[in-house]
1. Please enumerate the residues belonging to the stretch 63-82 that are in contact with a helix residue (DSSP H, G or I) (Cβ under 9 Å, 6 or more places away or on another chain) and buried (at least 16 other Cβ atoms within 10 Å of the Cβ).
2. Under 8 Å between Cβ atoms, at least 6 apart or on separate chains: pull out the pairs that start in the stretch 159-187 with a residue that is among the acidic types (Asp, Glu) and end on any residue that is open to solvent by 10 Å² or more (accessible area, probe 1.4 Å) and part of a helix (DSSP H, G or I).
3. Confirm whether Val280 is open to solvent by less than 60 Å² (accessible area, probe 1.4 Å), of a type outside the set (Gly, Ala, Ser) and either modelled with pLDDT of 95 or more or on the phi > 0 side of the Ramachandran plot (or both).
4. Out of the residues in the stretch 121-132 that are open to solvent by less than 40 Å² (accessible area, probe 1.4 Å) and either touching a strand residue (DSSP E or B) at 6+ places or on another chain (Cβ under 6 Å) or assigned to a helix (DSSP H, G or I) (or both), state the one that is nearest to Tyr198 (Cα to Cα).
5. Considering only residues of the stretch 295-322 that are in a loop (DSSP other than H, G, I, E, B) and without any contact (Cβ under 8 Å) to a residue 60 or more places away in the chain, which is nearest to Lys190 (Cα to Cα)?
6. For a quick check of your reading of the model, give me the residue pairs whose first member lies in the stretch 246-259 and is of a type outside the set (D, E, K, R) and at pLDDT 95 or above, whose second is exposed (fewer than 13 other Cβ atoms within 10 Å of the Cβ) and part of a helix (DSSP H, G or I), with beta-carbon atoms closer than 8 Å and at least 6 apart or on different chains.
7. Collect the residues in the stretch 37-78 that are hydrophobic (A, V, I, L, M, F, W, C) and part of a helix (DSSP H, G or I), keeping them in residue-number order.
8. Pairs under 7 Å by beta carbon, first residue touching a residue at least 60 places away in the same chain (Cβ under 8 Å) and part of a loop (DSSP other than H, G, I, E, B) in the stretch 79-97, partner among the charged types (D, E, K, R) and open to solvent by less than 40 Å² (accessible area, probe 1.4 Å), six or more apart or different chains?
Amino acid sequence: MLKNFIKKYIFTFYLIIFIIFFITLNKIAKNFLNQTKLEKRGGSEFIEKVYGKENIKDYTKVLSEQSIILSYKPFVEFTETKRSDEFTSVSSSGNRCNQNKILECYAPNGGKKEIWVFGGSTTFGYGVKNDETIPSFIENKMKNNFKVINFGVGHYYSTQERILFNNLLLELPPPYAVIFIDGLNDFNRKYKHNESKYSEITRHKSTKTSEDDIKEYFKERFYRLNIVRLIKESRSKDIETITKEKLNKQNVIQLVKTLINNQKMNESISKKYDIKLINVLQPVPIYEDSYSTSNVPKDFLPSNQNSNDRLKFGYQTYNLNITNKILNLSKLKIEKPMFIDGVHYSPEFNEVIANLITKELISKNGN
């Protein structure tokens, strides 16, 4: 019977075989993708290693709550998405709150009882709970005399932070103090110095027609196939092996200038509005022993030496050219775990960073 079917419908038979083979190959390819490593960060084995066996349930939820897309925000292009989850609560203004298990996260009111903290995903607190972020620890260290507002957003760098700071002052009374935690996203980004991570995508989508949308839909589905993604990854690795990317020092120097200029503008605005200002050069893993105290599996640590060289050169150049006062935490180390992945801080490291920022705040209050 099967032979008769094959003979009569030979094209259909081979088409079915091809589809089954392709689906199987596509599923197998997923196991070799770099993205699969990222997905495994939500697995119990990774969480037990990094956070401890007793914390598997909580941090499985934390990583799940933080695995959502960003939302549109005028002028800065994107912000954290509003949500009220058990360990990750974000208001409609994009700020993250400092307490767990709250019904709703409220937007800031401004005024001298608030301290605003700006930065990227390390400030937002990727991989930690609401009460384990740097802003949350600062609020506790200040004995709750101030409401510390966490304006950290994944992928933000100093230009977006400056724009957001300016826009907030258009709507709200000036706060008591502002804190900018920068370094990683400013020096490590590969896109243009005057754009954000999503500028190119935003520009592309603004010029598309309805016909383009249909083409884009099928093109996107094609490129999302595991086998296609694996081929692209393999090709990029081959190219990197054949011709290693040289460190573009001029590009990094421009990024350093951008951060310094943004800091100068923030300083002028802060003086005008009588706001105390702290610029923090954040810790980054650019040293040989950066991960020595952490429990992150080697497979989840950065393997791209070029990226490490960019950060090193960026930090060196910044420290040679900076003229205004900063809180330099670039060499900060603790004996407890510092990182929960390649770049994001552990709760213990967040608390130490918050301690140092709080001391700086108190000293400014004395002045």
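The values are calculated or read from the model by the stated rules, or taken from the named source; none is laboratory data. What you see is a predicted model; the values in this text were computed from it and never measured. Every residue, glycine as well, gets a Cβ built from its backbone with ideal geometry; the counts of neighbours run over all protein chains shown. Please note that ligands, DNA and RNA were not included when accessible areas were found on the heavy atoms of the full protein model with its side chains. Shrake-Rupley method; radii C 1.70, N 1.55, O 1.52, S 1.80 Å.
1. Result: Leu63, Gln66, Lys73, Val76, Glu77, Phe78, Thr79, Glu80.
2. Close Cβ pairs (under 8 Å, with a partner that is open to solvent by 10 Å² or more (accessible area, probe 1.4 Å) and part of a helix (DSSP H, G or I)) amount to Asp186/Thr258.
3. Criteria met by Val280.
4. Checked the stretch 121-132; the qualifying residue nearest to Tyr198 (Cα to Cα) is Ser121.
5. Here the answer is Asn304.
6. What qualifies is Val256/Asn321.
7. Once the filter is applied, which keeps residues that are hydrophobic (A, V, I, L, M, F, W, C) and part of a helix (DSSP H, G or I), the stretch 37-78 yields Leu38, Phe46, Ile47, Val50, Ile56, Val62, Leu63.
8. If the second residue must be among the charged types (D, E, K, R) and open to solvent by less than 40 Å² (accessible area, probe 1.4 Å), the pairs left are Glu80/Arg96.
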